[in-house]
1. How many of the residues in region 102-134 are surrounded by 14 or more Cβ atoms within 10 Å (Cβ to Cβ) and touching a residue at least 12 places away in the same chain (Cβ under 8 Å)?
2. Give the number of residues within region 233-259 that are of a type outside the set (A, V, I, L, M), at pLDDT below 80 and crowded, with 17+ Cβ neighbours inside 10 Å.
3. Considering only region 152-175, I want to know if a residue exists there that is under 12 Å from residue 81 (Cα atoms), of a type outside the set (Asp, Glu) and within 21 Å of the chain's Cα centre (by Cα).
4. If you check 77, 27, which single one turns out to be among the charged types (D, E, K, R) and touching a residue at least 12 places away in the same chain (Cβ under 8 Å)?
5. All but one of (1) within 24 Å of the chain's Cα centre (by Cα); (2) at pLDDT below 95 hold for residue 113, so report the exception by its number.
6. In region 76-86, is there at least one residue being at pLDDT 85 or above, loosely packed, with under 15 Cβ neighbours inside 10 Å, out of contact with any helix residue (DSSP H, G or I) (no Cβ under 7 Å at 6 or more places or on another chain) and under 28 Å from residue 218 (Cβ atoms)?
7. Return the residue satisfying two criteria in turn: it lies in region 155-170 and is surrounded by fewer than 24 Cβ atoms within 10 Å (Cβ to Cβ) and touching a residue at least 40 places away in the same chain (Cβ under 8 Å), and of such residues it is nearest to residue 236 (Cα to Cα).
8. Residue 72: in a helix (DSSP H, G or I) and either acidic (Asp, Glu) or touching a Pro at 6+ places or on another chain (Cβ under 8 Å) (or both), yes or no?
Amino acid sequence: MLVVDLVAASGALLYLALGTLKWTLGRRGEAVYDFEAAVNVLLYTVILQVIFSAADSIAGSIGIPISLNSAGFVSERLNESSLTFANASRLAVETILYVQSERAVLASAPLTSPFASVLGAATGWSVTELSIAAIFFLHLSFASRVVAAASPYLALVGSALLPVPKFRRWGSSFLAIYLATSLGLLYSNSVTAKAIGRVHRPSPFSPADWVNVASIAGDTAVALGEAMTLSAVALSLATAAGVGFAGIFEGIYVNFVRV
């Protein structure tokens, strides 16, 4: 982020100028503090680039080729993720409606009405799982949309505040939220998109789908259930990592020998 680098460089120069002035005036103790602050601003600017590089490596290792240093591009990907989660929720609802529609048709005729109960028993677990998935991915879609809107500001403000000693805690918190939620949601998008791609959407005009409805519902429930579980675990781990990440920086500081 060029803006962040410019802000950090300006801050370091400001501390350096203040330190030089105080040293000239004989206030050497205060001058050393300003020199320390200047060095730490530059140090944290370097650390910041290392953090983004490490985050990009982590993203690449889990199949997400993206540069987290580009918050605008991350925001676009998160908006795409919101659509993916919405599609997963819609797929779950459509499959449930397909099953229930077939049950209603079977129950409407005396000859086939016993099969409605059989179909209900065979698809009970999958309908329950799909109902949970529909709700989960619906709310995940909303969350991804919110994070997409906030991520550029979290990244910019967090990166700008991190090198400044007085605002380091705020900066690390904002940056941790940005990195953790972005990685968690983008990974969730990846596994959800793969799940959607490998399931069959039943057609009301296909006799084969009517016959195999229990199998189709089961396969869809397993695929979306797996994606839901992986997403929940990824977001939980990302949250825990974000909390730990935010606390690391409080112990990093360069001290000079006091004059």
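The values are calculated or read from the model by the stated rules, or taken from the named source; none is laboratory data. Everything numeric here is computed off the predicted structure, so don't read it as measured data. Note: ideal-geometry Cβ built from the backbone for every residue, glycine included; neighbour counts use all protein chains shown.
1. 16
2. Number satisfying all stated conditions: 2.
3. Looking for residues that are under 12 Å from residue 81 (Cα atoms), of a type outside the set (Asp, Glu) and within 21 Å of the chain's Cα centre (by Cα), one finds none in region 152-175, hence no.
4. 77
5. For residue 113, the failing item is (1).
6. So far as region 76-86 goes, yes, one or more of its residues are at pLDDT 85 or above, loosely packed, with under 15 Cβ neighbours inside 10 Å, out of contact with any helix residue (DSSP H, G or I) (no Cβ under 7 Å at 6 or more places or on another chain) and under 28 Å from residue 218 (Cβ atoms).
7. Step by step, filter region 155-170, then rank; the result is 169.
8. yes
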